[in-house]
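K.L.:
Before I ask anything, here is the structure I am working with.
The values are calculated or read from the model by the stated rules, or taken from the named source; none is laboratory data. The structure presented is a predicted model; accordingly, all values stated were derived computationally and were not measured. Note that each Cβ is placed from the backbone with ideal geometry, even for glycine, and that neighbours are counted across all protein chains shown.
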Amino acid sequence: MASRKAQRSLVVKRDLLRCGLLAFMGVCLTVAGALALFAPLQVEDALSTRIWMGGFGTAIGIGITAWSIYRLRVQPYLLSIDEHGIVDNSNWMSPGLIEWDQVRDAYILELGHNSYLCVDLEDPHGFLKSLPRRRQKLMEANLQSGFAPVRIQLAAVPGGYTCKDALDVVHTLHPGLVRGKKKIKAPKLA
């Protein structure tokens with residue numbers, strides 16, 4: 001564990017096999033849709049079948065293929081903490097790149113049985129405005145709930161890294177940003 005403390009980066013890449021399988025499924029759906037569009041059909045309402053199965057199958061297949069290739073090419077990292085900042089693409093509402101000059105502090109939040117790497121920002125509302133609408137929603141919810149605008153759950157990304165591992169990397173790169181740990185008991189359900 002001592003070797004991880006000296007790390008100057010933490011990088012979790014997307015699963016190449018999973019994205020490749022998703023792209024393959026998209027190609028298969030595209031081919032099946034194209035076959036339904038152009039192959040001779042022995043059904044009562046061939047035009048309706050061509051439109052629904054062929055047209056939509058082809059369009060959805062192309063969309064799935066393009067999306068999986070986009071994720072591999074444009075967002076190859078689920079999580080990266082390095083000298084440039086923190087890149088969080090762990091889910092579709094994650095903020096993406098947070099540069100170090102935008103970070104006020106970082107700490108671990110223990111909420112019940114879950115741990116999060118929390119990042120407070122110098123200007124959370126300014127940063128929020130720079131994001132696409134879908135990425136703003138999670139940050140707005142965090143701020144309204146009294147949490148840091150960015151909460152990263154490392155248990156949700158592969159690689160076996162913990163929040164402590166991530167905070168150790170932040171400490172190695174920018175020791176003045178690390179604030180430690182905060183515990184909140186989970187509310188009991190009635």
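K.L.:
Restricting attention to the range 115-169, report how many residues are over 14 Å from the mean Cα position of the chain (by Cα) and of a type in the set (D, E, K, R).
P.N.:
Qualifying residue count, the range 115-169: 9.
K.L.:
Now for a different question. Which ones in the range 146-162 are surrounded by fewer than 20 Cβ atoms within 10 Å (Cβ to Cβ) and either of a type in the set (Gly, Ala, Ser) or on the phi > 0 side of the Ramachandran plot (or both)?
P.N.:
Gly146, Ala155, Ala156, Gly159, Gly160
K.L.:
May I ask you to list the residues in the range 101-124 that are in a helix (DSSP H, G or I) and surrounded by fewer than 15 Cβ atoms within 10 Å (Cβ to Cβ)?
P.N.:
The answer is Asp101, and nothing else.
K.L.:
Hey, another quick one. Given the structure, is Arg179 in contact with an Asp or Glu (Cβ under 6 Å, 6 or more places away or on another chain), in contact (Cβ under 8 Å) with a residue 24 or more places away in the chain and either surrounded by fewer than 17 Cβ atoms within 10 Å (Cβ to Cβ) or not in a helix (DSSP H, G or I) (or both)?
P.N.:
yes
K.L.:
For the range 85-113, give me each residue that is out of contact with any strand residue (DSSP E or B) (no Cβ under 7 Å at 6 or more places or on another chain) and free of Cβ contacts under 8 Å to residues at least 60 places away in the same chain.
P.N.:
Trp92, Met93, Asp101
K.L.:
Right, another one. Just checking: which of the helices (runs of 4 or more DSSP H) contained wholly in the range 1-86 hold 2 or more residues that are over 30 Å from Asp165 (Cβ atoms) and at pLDDT 95 or above?
P.N.:
Filter on the range 1-86 gives 16-38, 56-74.
The rows are residues; the columns are (1) loosely packed, with under 13 Cβ neighbours inside 10 Å; (2) among the acidic types (Asp, Glu); (3) in contact with a Lys or Arg (Cβ under 6 Å, 6 or more places away or on another chain); (4) closer than 30 Å to Val157 by Cα.
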site: Gly20; (1), (2), (3), (4): no, no, no, yes
site: Gly33; (1), (2), (3), (4): no, no, no, no
site: Leu41; (1), (2), (3), (4): no, no, no, no
site: Phe56; (1), (2), (3), (4): no, no, no, no
site: Gly61; (1), (2), (3), (4): no, no, no, yes
site: Thr65; (1), (2), (3), (4): no, no, no, yes
site: Arg73; (1), (2), (3), (4): yes, no, no, yes
